[in-house]
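A short worksheet on the structure shown next.
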Amino acid sequence: MVRVLRPHWTLAYAASSTEALSILSQIAPDLAIIDIGLPGDDGFFLLKAIAERTPSLPQVLISGRNDAAVRVRAQACGARAYIVKTMAPETIVSLIDAVIDGSIRFATEEPIGDVPALTRRQAEILDLLAEGHGNKEIRHRLGIAERTVRAHLTELFQLLGAHSRTQALIRAREAGLI
């Protein structure tokens, strides 16, 4: 793969989310490519952490699975593209170039199916719900009104076809959203 990398790319490698965040405090990269299967905190955690610290930094999630639910969750967490490790090297380089140029790429050959598309806020609320937080705690963490939390939960329940928090969490887990 080294032969297809652009000559102007400089690569930095981190073995964990903690190490990646430490490196990002020292350098200003043009792009972050994040593996979903990091030891400790996963790639979704790192996507969110980078989006909070450096919202302008484009991020790409990479995985060995061609999974629609993971793709949807990656986009909700702030990724601008999803790379499957089995893609041809030229395709990967093309995706990276497109993201660096400002594009968002989540094209897939497989249909999305029953995986609902969540807004970034809905994904945040779903993650906090999965962590066991109530409406008031979600409200405080996100700095929004409690009625706004309830409105997002109502939308989430409709998207997931759920009638309770527990049912919503079960369906979200089944769909790979959490």
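Each reported figure results from applying straightforward, stated rules to the coordinates on display, with no laboratory input. Note that the structure is predicted; figures quoted are calculated from it, not measured. Note: ideal-geometry Cβ built from the backbone for every residue, glycine included; neighbour counts use all protein chains shown.
Figures for the structure shown
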quantity	calculated
Under Karplus coefficients 6.51, -1.76 and 1.60, residue-wise ³J(HN,Hα) of the range 132-138 in Hz, glycine/proline x	x, 7, x, 4, 5, 5, 4
Whole-Å distance, taken between Cα centres, linking the range 6-73 and the range 138-178	26 Å
Nonlocal amide H pairs with A81, under 5 Å, H built at 1.01 Å	L61, R105
Computed FRET value (nearest 0.05) for I170 with T119, which takes r as the C-beta separation and R₀ as 35 Å	0.95
Simple spin-label estimate for S22 and S103 in nanometres, 7 Å along Cα-Cβ	3.6 nm
Crossing angle, helix 146-160 versus the chain [Cα axis fit, 0-90 degrees, rounded to tens]	70 degrees
Normalised convex hull volume, the range 120-174, alpha-carbon set, Å³ per residue	68 Å³
Globularity index of the chain, i.e. its alpha-carbon radius of gyration over 2.2 N^0.38 Å	1.09
Helix-only CD estimate at 222 nm, as mean residue ellipticity for the chain, using -39500 (n - 2.57) per DSSP H run (n ≥ 4)	-14000 deg cm²/dmol
Which of T86, T148 has the fewest Cβ neighbours within 10 Å, and the rest in rising order	T86, T148
GNM flexibility winner over the chain from A130, A88, A76 (Cα, springs under 10 Å)	A88
